[in-house]
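Taking it in order: structure first as structure tokens, then the write-up.
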Amino acid sequence: HLISDDTKSNLNVRILYIPTASYALNPSSSNTAGKQRQRARADGKKRRTQLLELLGEVLSLNSSDSPNNSDGLQFNLLATTLDLDDGSLKQPVGSEDSSLFPENDKAALSTWHPHLIYVEGGNTFWLQHCIDKGDYSTLIKDAVCTGGQSGAVYCGKSAGAIVAGSNVATGTWKEWDDPSVVPGKETYDEWLNCRGFGFVGNRSVFPHMSDDWEKMVEEKIEAQNLGETVYCLRNEDACCVIGDKKLSFLTS
């Protein structure tokens with residue numbers, strides 16, 4: 001995927017980090033909206049740093065210093081943060097050259113050609129609301145599903161995994177997320193027929209699965225007439241999708 005890029009000796013790995021779900025306000029918090037946003041942005045920056053450190057470690061295994069690399073490749077991580085709420089791009093890292101980063105939110109998902117789109121966890125309903133409000137659904141799907149080696153890898157955590165599935169209704173099951181943060185869709189019932197990206201075909205995603213939720217999951221699937229398969233992911237699980245082969249599987 002990376003070696004298909006134009007540069008063969010020094011590869012810029014473009015990472016688009018989307019923390020929007022974690023930016024949702026908590027109506028019951030004693031902190032002001034401004035204080036909540038400040039803390040959420042600081043936390044998002046820390047999480048992105050952890051992600052970049054992990055990716056750096058993984059890519060170092062294939063760097064020019066690795067005995068397994070005979071092509072002399074060097075990897076450089078270019079990352080920027082996109083908030084789908086207001087379309088802002090912030091905190092570019094990896095280069096002082098501004099021309100290496102996208103000019104705006106739409107470019108970040110299209111002409112910038114990100115290698116990785118990482119969608120953070122948080123409030124599922126706020127995330128889906130911002131996707132719909134900014135008309136990002138088609139852009140994200142096009143960025144991921146272009147086929148071949150030019151498409152981005154989509155990595156969704158918690159809320160980011162739920163919206164990647166067929167139906168966002170699984171986000172209502174535990175009642176962990178507060179839907180009242182979305183004007184006009186303040187109840188769980190209003191989210192039962194909300195469609196996600198559908199990256200796994202007609203399958204939905206239920207994260208943070210444990211033995212305690214098994215009976216509830218069975219009841220919800222039956223009550224909501226979900227004919228599609230529901231991937232129940234424990235915290236150590238991941239659902240991997242190979243797009244060009246239409247293959248999906250679970251791994252721990």
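The values are calculated or read from the model by the stated rules, or taken from the named source; none is laboratory data. A quick note: this is a predicted structure, and the numbers were derived from the prediction, not measured. Here the Cβ is made from the backbone with ideal geometry for all residues, glycine too, and neighbour counts use every protein chain on show. Heavy atoms of the whole protein, side chains included, go into the accessibility calculation; ligands, DNA and RNA do not. Shrake-Rupley method; radii C 1.70, N 1.55, O 1.52, S 1.80 Å.
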query: What residue, of ASP212, ASP177, ASP189, is of a type in the set (Asp, Glu) and in a loop (DSSP other than H, G, I, E, B)?
result: ASP177
- request: Go through region 1-33 and give me each residue that's at pLDDT 95 or above and assigned to a helix (DSSP H, G or I).
  value: THR20, ALA21, SER22, TYR23
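Residue-wise test of (1) closer than 22 Å to LEU52 by Cα; (2) β-branched (Val, Ile, Thr).
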site: GLY94; (1), (2): yes, no
site: SER98; (1), (2): yes, no
site: LYS106; (1), (2): no, no
site: ILE117; (1), (2): yes, yes
site: TRP126; (1), (2): no, no
site: LYS157; (1), (2): yes, no
site: VAL163; (1), (2): no, yes
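So that you can scan it fast, the table gives a plain yes or no per residue for (1) polar (S, T, N, Q); (2) farther than 30 Å from SER28 by Cβ; (3) loosely packed, with under 15 Cβ neighbours inside 10 Å:
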{"position": "GLY165", "(1), (2), (3)": "no, no, no"}
{"position": "VAL168", "(1), (2), (3)": "no, no, no"}
{"position": "THR172", "(1), (2), (3)": "yes, no, no"}
{"position": "GLU175", "(1), (2), (3)": "no, no, yes"}
{"position": "VAL205", "(1), (2), (3)": "no, no, no"}
{"position": "LYS215", "(1), (2), (3)": "no, no, yes"}
{"position": "VAL241", "(1), (2), (3)": "no, yes, no"}
{"position": "PHE249", "(1), (2), (3)": "no, yes, yes"}
task: Find all pairs meeting these conditions: Cβ atoms under 8 angstrom apart; at least six residues apart or on different chains; first residue within region 162-185 and touching a residue at least 60 places away in the same chain (Cβ under 8 Å) and within 14 Å of MET216 (Cα to Cα); second residue open to solvent by 10 Å² or more (accessible area, probe 1.4 Å) and basic (Lys, Arg).
output: THR170/LYS220
message: Looking at PRO92 and the list (1) part of a loop (DSSP other than H, G, I, E, B); (2) open to solvent by 40 Å² or more (accessible area, probe 1.4 Å); (3) modelled with pLDDT of 95 or more, which single condition is not satisfied?
response: (1)
message: Which numbered condition in (1) part of a helix (DSSP H, G or I); (2) at pLDDT below 95 is the only one that THR146 fails?
response: (1)
- request: Go through the residues of region 129-152 one by one and say whether even a single one is within 20 Å of SER210 (Cα to Cα) and either surrounded by 20 or more Cβ atoms within 10 Å (Cβ to Cβ) or of a type in the set (Ser, Thr, Tyr) (or both).
  value: no
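Each row is one residue, and each column tells you yes or no for (1) open to solvent by 80 Å² or more (accessible area, probe 1.4 Å); (2) under 29 Å from ASN12 (Cα atoms); (3) at pLDDT 95 or above; (4) not basic (Lys, Arg).
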position: PRO179; (1), (2), (3), (4): no, no, yes, yes
position: GLU186; (1), (2), (3), (4): yes, no, yes, yes
position: LEU192; (1), (2), (3), (4): no, no, no, yes
position: ARG195; (1), (2), (3), (4): yes, no, no, no
position: VAL230; (1), (2), (3), (4): no, no, no, yes
position: ALA238; (1), (2), (3), (4): no, yes, no, yes
position: LYS246; (1), (2), (3), (4): yes, yes, no, no
